[in-house]
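First the structure, in the form of structure tokens, and then the observations on it.
The values are calculated or read from the model by the stated rules, or taken from the named source; none is laboratory data. Because the structure is predicted, anything quoted here is derived from the model rather than measured. Positions of Cβ are generated from backbone atoms using ideal geometry, with glycine treated the same way; all protein chains shown enter the neighbour counts.
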């Protein structure tokens, strides 16, 4: 019976091979088959290890909570640890989106006061303006060209929005760290969707309060944006946004407000945010014009005070005697004050004042005082020049001739 035993042994071998092949085929389908034995916490049913997503290549090593709350140390950290400007921009942005939380209640506080940078850094909680302010501050302090931008978004909400434009990879690009913040309330992870995105995409959700901040050659008007005609926005075009930004950056605050207001006046304002912003610029310009008017009156009053002091000395017949430098200095100062005050007053834009009566009353008051002082000053300036032209002996008798004396 040896042949029969051999056949049985072969069958057993084949059966074992078949069973092994079947087990190998089933194993990948069963998660438990590949499970590794891991230590578990005795107080929990399971333990899950989650690694943080690496959004940027930069590593924020050595950045302690103490440094994060100190503006000077935080600036030094980014500047010293990231000497390359592009990496510095990435590091600042990465730190912002990982460290800050959006203030969902603050957005509805319309009486909310703007916080200082140290105050914001202490709590690292804020709305878009706070986040954009911190990005602007850190970039500026570490030597990176950047701008704080205001506008509104496609949600057409009653409030505006704030973001930044920054030089990155050799060109100006748009950044909105607020929209990339992590959000614990909704389990939203941090991202980099709004870190230097394609301007054509970014401009579909953000509309700045001047077209130069769209960073394109063919920007959208407010009407085109509201109507969703985004296809009209082109990277290439005749609009030279960098030249405009460079020009506006050289303006004084007064010139900049007037520039923005002129742009607003050429737009159709669609929502509360744009109307409020336009009113703010009009108010700013109005404040500048009021300061200009106030300064004109201040300089005129100063000229009048100088002249009154001189008249007191004139009535004493220039006794005790003073050096000629007093008279030449007096002529220079009064002439300068009169010229500057008149030039300022004539440049005032009266359309920013509330009533016509204000313009009428102020103009009459200024003109009456200016013309009276100017007439009297011309007479006395002529007398002073005559006095200076005389020898010491002749000066003694200059007051003796009534024909030489001007109106007192």
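Details
- Residue 258 exposed (fewer than 15 other Cβ atoms within 10 Å of the Cβ) and either closer than 13 Å to residue 209 by Cβ or outside the structural domain of residue 377 (by TED's automatic domain parsing) (or both): no
- Residues in the stretch 299-319 that are outside any helix (DSSP H, G or I) and surrounded by fewer than 14 Cβ atoms within 10 Å (Cβ to Cβ): 3 in all.
- Selection count, the stretch 65-86, where residues are farther than 10 Å from residue 121 by Cα, in contact with a helix residue (DSSP H, G or I) (Cβ under 9 Å, 6 or more places away or on another chain) and in a loop (DSSP other than H, G, I, E, B): 1
- Considering 342, 368, 362, the condition of being at pLDDT below 90 and in a helix (DSSP H, G or I) is satisfied by 362 alone.
- Matching residues in the stretch 87-117 - criterion: being modelled with pLDDT of 95 or more and either more than 23 Å from residue 129 (Cβ to Cβ) or part of a loop (DSSP other than H, G, I, E, B) (or both): 87
- So residue 347, is it exposed (fewer than 13 other Cβ atoms within 10 Å of the Cβ) and either in contact with a strand residue (DSSP E or B) (Cβ under 6 Å, 6 or more places away or on another chain) or at pLDDT below 95 (or both): yes
- Looking across the stretch 380-406, the residues that are part of a helix (DSSP H, G or I) and surrounded by 13 or more Cβ atoms within 10 Å (Cβ to Cβ) come down to 380, 381, 383, 384, 386, 387, 395, 396, 398, 399, 404.
- Residue 247 touching a helix residue (DSSP H, G or I) at 6+ places or on another chain (Cβ under 6 Å) and over 26 Å from residue 96 (Cβ atoms): no
- Number of the condition not met by residue 286 [criteria: (1) over 24 Å from residue 205 (Cβ atoms); (2) loosely packed, with under 15 Cβ neighbours inside 10 Å]: (2)
- Any chance residue 373 is in the same structural domain as residue 289 (by TED's automatic domain parsing), without any contact (Cβ under 8 Å) to a residue 40 or more places away in the chain and part of a helix (DSSP H, G or I): no
- Residue within the stretch 248-255 that is assigned to a helix (DSSP H, G or I), within 17 Å of the chain's Cα centre (by Cα) and at pLDDT 90 or above present: yes
- Yes/no for residue 283 being assigned to a helix (DSSP H, G or I), farther than 21 Å from residue 212 by Cβ and at pLDDT 95 or above: no
- If the condition is being in contact (Cβ under 8 Å) with a residue 60 or more places away in the chain and not in a helix (DSSP H, G or I), then the stretch 256-280 contributes 270, 271.
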